[in-house]
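Heads up: the structure comes next, in structure tokens.
The values are calculated or read from the model by the stated rules, or taken from the named source; none is laboratory data. In this text, all values refer to a predicted model and were calculated from it rather than measured experimentally. Glycine also receives a Cβ, built like all others from the backbone with ideal geometry; neighbour counts cover every protein chain displayed. What goes into the accessible areas is simple: the full protein's heavy atoms, side chains included, and nothing from ligands, DNA or RNA. Shrake-Rupley method; radii C 1.70, N 1.55, O 1.52, S 1.80 Å.
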Amino acid sequence: MSEKTECLSKVQSCRSSLVTWLEKNPVVLLRWLHDDGAISQQVYFTLLDSRPEKNQVISLLEVMLKNENSCRTFIHVLQQIQENYCPELREWLRNTFPIYFKQPTDVIVITDLEKTKKKSTWSKLKGTLKRGKKYNLEKGGQPSDAPGGHPLMEDVLQNHKLSQLKQNAKVHGKLETTHTLCEMLEIRYTEVFITDEDPAGLQGQHEYLVLANRRVRLYEHNRHQKINLMDIFTPLEPGTQGPKTVLMTGIAGIGKTYAMQKILHEWAVEKAFSNVSCAINFAFRELNLLEGPISLVDLIRKKHAHLQNIVEALCNHPDKLLVLLDGLDEFKHLISQETKVQNIKDPAPVKDLVSSLLNGSLLHGASIVVTSRPRPSLPTHIFDRKVVILGFEERQVEEFCFRFFREKTISGEVFHYIMKNDTLSGLSFIPLYCFIICTALQPFFQNKIEESCLENPPKTMTEVYRSYLCTIMHLRDDSPKISNGPIFLCCPAMLSKMKDILCKLGKLAYISLLESKILFTTDDLQRFGLEPAQLPDSFIHRIFINVDGQSSTEMFAFFHMTVQEFFAALYCIVTISSSVDELLQCLDLWCFGISPQEPVQSELLATTMELKTSKQWENLQMFSRFVMGLISFRLEGKLHGLVDPFGLNILVPLTNWFKGKITYELNQRLLNLLHCLRELRQEEVVRAVAPEIDEVDLFKVILNPADCATLSYILQHSTGLKTLNLGYTSIGIQGLRQLQPLLHRCQTVSLRYNALGKEVAVMEADVLKSPTCQVKSLLMCGNNIGSDGIKCLWEALRHNQTLEELYLDINGITDSGLENVITCLSNNMTLKLLTIVGNKLSDGGKEVLVELQRHLPGLKILSSFLGDMGLLQAYLDWVQDLKENPQQMESVRNVDALRNVLSELRREDPEETSPDVRERAAELEREIRVILETSAHTGPQ
């Protein structure tokens, strides 16, 4: 038997020893085998889920020792990562397979001195590091605290990697309280976008809504660079210097902490950051608990005790260090640019240590990643690169569903249900929302119970969170279960049993929401009558922070910020009386910050007015939607056991309240009211309120699919809608299709600057052809319908008798788009104004328009910026608006539009116009140049 064919027998004979050697750290081997293609992703996930780790190794050997080829692959991979395992394994490999794999030019002999994959990063750093030779930490040759000698530096670092893998091991499997938490690191992080955004510009409304809108804008008009998480220090251009300090922003639940864990994990399994000798991490939550001065080396020793004897040696080579700091928005201190601690041994307040790390006076040259929720106070200027986490894309939602349910048919059904529901799909891009949705849907798809017991699966946001609550309550309930019963229904007995804890949690959530507080100590909980032992882990997850290695301080946070908002709303609806006046006063306060004019008798109102300031009401948008949904539940008796139902007498005053608000609100407030109306789910109220809406002005309110679904749901009942302004909303064609049945009823439809293509022209052509079309003004400026799209509109105008104004500026129209314009419009007697400037028309194309005007003397055609002073002023106003709101320049379409306008201005002859027009045109040209230069200099770094 040749040496190359006896691999299987040699490994089989040592099988029990392999289990012993590998069970301490199977994660590295599993990952390398997966990446090598030796095991499939499904097998990989299944093995990671196995507990204890010994079972992972036993099952892996069953897979890898099926034949000689797979066994050889197993040994080949094991040789590459042998330094992650014990000396006995390395010795066995060296003695059993000394020349097993040959390279084209040489034989690789596996020894304890080197790796076959790459040379040790610490070996590169310290050429004196040798196996069998102790590393001298002090000048005297021996560490001061270890007179008998010191472990090998490499062994200490390998133990540190193992420690990181063990700390993150819980995210690979299930939590006993939920059984299917699906916390796989492999799918719980997302790619990031390099951005130059100013987090201060994101304030003013709920952060989920900000991000949902930002995602729409970025995906529709992306000019930013998307990179893999493991490439955050990689330069964008070859030969350039990569960043050293990176700020990673993202909203609650988007995956910032998981991204940090993933970075640590990838470093520990030696799949990324190969130039890093050691990675260390801190959470600002734990740094907040430090009192008194402390040195950097002592700080590291307290967090990573196993590194205590090599910390100074590590810090002396900061270019080989990776420092991760999680949750800067939670840091109770401000970052100072003046503070500069330079010596790693000098004690200093923790705020000075952090400031000095970030400004480079401490560990200069270290790679540093800081995460934070977007906040105006973030010192963004001190970071070399800023990235934003945008959450899951559709394929990751699908994979998450599969990992949650573990069964392809069920996960497929759940995924398709989420995707066809705009509210759910609009939430699912946030990983923790995705988990909440899957938990809420689980009883409807996974538990096989009689259809007669089933409610319909949740559709609205409030229904999702109610189902989530019911499912978690059932998992916690230790009373006997009825076989095949509707486990997801919150029966009155269960609600009554848990009323005390739900109300206490709700009050904690509400008061803290008004105080903008998301972290709680044990004292905070006890102040509301809660003991930590009472708290279901699925409501609140504990955060144990070990500060000094001897004591442990517990900090608490709701599982997700929206869970806190849901409990806050639940508390309010349970606490509020049946008084109509009190309900309406609360709605005024929650939705608009309008305080009652008369002295209030309500304790809930008094508490709210005392804690909340009028400038912060926009942050209660999600809370107010939950309130509306729970009003409906109380009306329908679904909160029986917690509170008596509302009487139907509240529907008329509630309807009048909506009518009074909705007729004069616009932009974000109008949209939030429409969402509240949808969450209420009372058809009689919707049918009464919708006809009052004659104008929907959402100019510059970025619309996501859930917004479009809400508009469609409400406006289908409108009867007198005159104006629909969707300009600058980044509405995509899919969102617009939801509104298509409404468009023919509007007199004015504005779709300006949405980067829509030919499809929107085809859609609008169908609208204009409708026999019931009422559209008089159609604004399509700043899209990209092109010549083919405009031909469709000309054809529609052949018979349309309603349209009076058509705005087609900056749409990429060329001469070919005018081929049928005269034929189609020659008999049109209603069109009075056509603007078509900023397109790609030659002199010949403009001659066609001159000819059209001869056929239609009543039609005013603007094909030149110099032809109308009002047009020039309108474009000057637009440019000024872009300057004041730089985020609009995220749209590639805006950049192209400005360039088109500039090109058009240069082609025109100002000599034939008045001095005032020439002066205004020159001003417009100057302003465009300035904004284009500014945009070019502030692109992604």
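For the stretch 614-699, the spherically averaged projection of the C-alpha convex hull amounts to 6.3 nm². Across q = 0.08, 0.18, 0.19 Å⁻¹, the stretch 256-412 modelled as identical point scatterers on its alpha-carbon atoms has Debye log10 I(q)/I(0) values of -0.28, -1.14, -1.25, in the order of the q list. Once C-alpha pairs closer than 8 Å and six or more residues apart are averaged by separation and normalised to the residue number of the stretch 677-760, the relative contact order reads 31 percent. The count of lysine pairs in the stretch 333-461 whose Cα atoms are under 26 Å apart, excluding pairs fewer than 8 places apart on the same chain, comes to 9. Taking label points 7 Å from Cα along the Cα-to-Cβ direction, GLU394 and MET869 give a separation of 5.1 nm. For the stretch 248-325, the relative contact order is 35 percent, taking Cα pairs closer than 8 Å that sit 6 or more residues apart in sequence and dividing their mean separation by the residue count. The residues of the stretch 575-666 present an accessible area of 44 Å² per residue when probed at 1.4 Å with all protein chains retained.
Ranked from largest to smallest solvent-accessible area, with a 1.4 Å probe on the protein heavy atoms, LEU721, LEU611 come out as LEU611, LEU721.
Put +1 on the Cβ of every Lys and Arg and -1 on every Asp and Glu Cβ in the stretch 722-824; which of ILE733, SER777, HIS744 then has its Cα farthest towards the positive end of the dipole? My answer, from the dipole projection, is HIS744. The ellipsoid equivalent to the alpha-carbon distribution of the stretch 817-891 has semi-axes of 29, 14, 12 angstrom, derived from the gyration tensor eigenvalues as √(5λ) and listed largest first. Rounded to the nearest 0.05, the FRET efficiency derived from the C-beta distance between PHE699 and GLU338 at R0 = 41 Å is 0.40. Within the stretch 320-372, the percentage of alpha carbon pairs spaced more than 18 angstrom apart rounds to 27%. Rolling a 1.4 Å probe over the protein chains gives LYS860 an accessible area of about 100 Å².
Extending 7 Å from Cα along the Cβ direction at THR719 and again at ASP588 yields two label points whose distance is 3.0 nm.
Taking only C-alpha pairs under 8 Å that are 6+ residues apart, what is the relative contact order of the stretch 746-801 in percent? Relative contact order comes out at 50 percent.
Once the gyration tensor of the Cα atoms in the stretch 562-672 is diagonalised, the equivalent ellipsoid follows with semi-axes of 20, 16, 15 Å, ordered largest first.
When the alpha carbon gyration tensor of the stretch 715-825 is reduced to an equivalent ellipsoid, the three semi-axes, largest first, read 21, 17, 11 Å.
Cross-link pairs exceeding 19 Å in C-alpha to C-alpha distance, out of LYS332/LYS507; LYS54/LYS256; LYS722/LYS776; LYS166/LYS262, comprise LYS332/LYS507; LYS54/LYS256.
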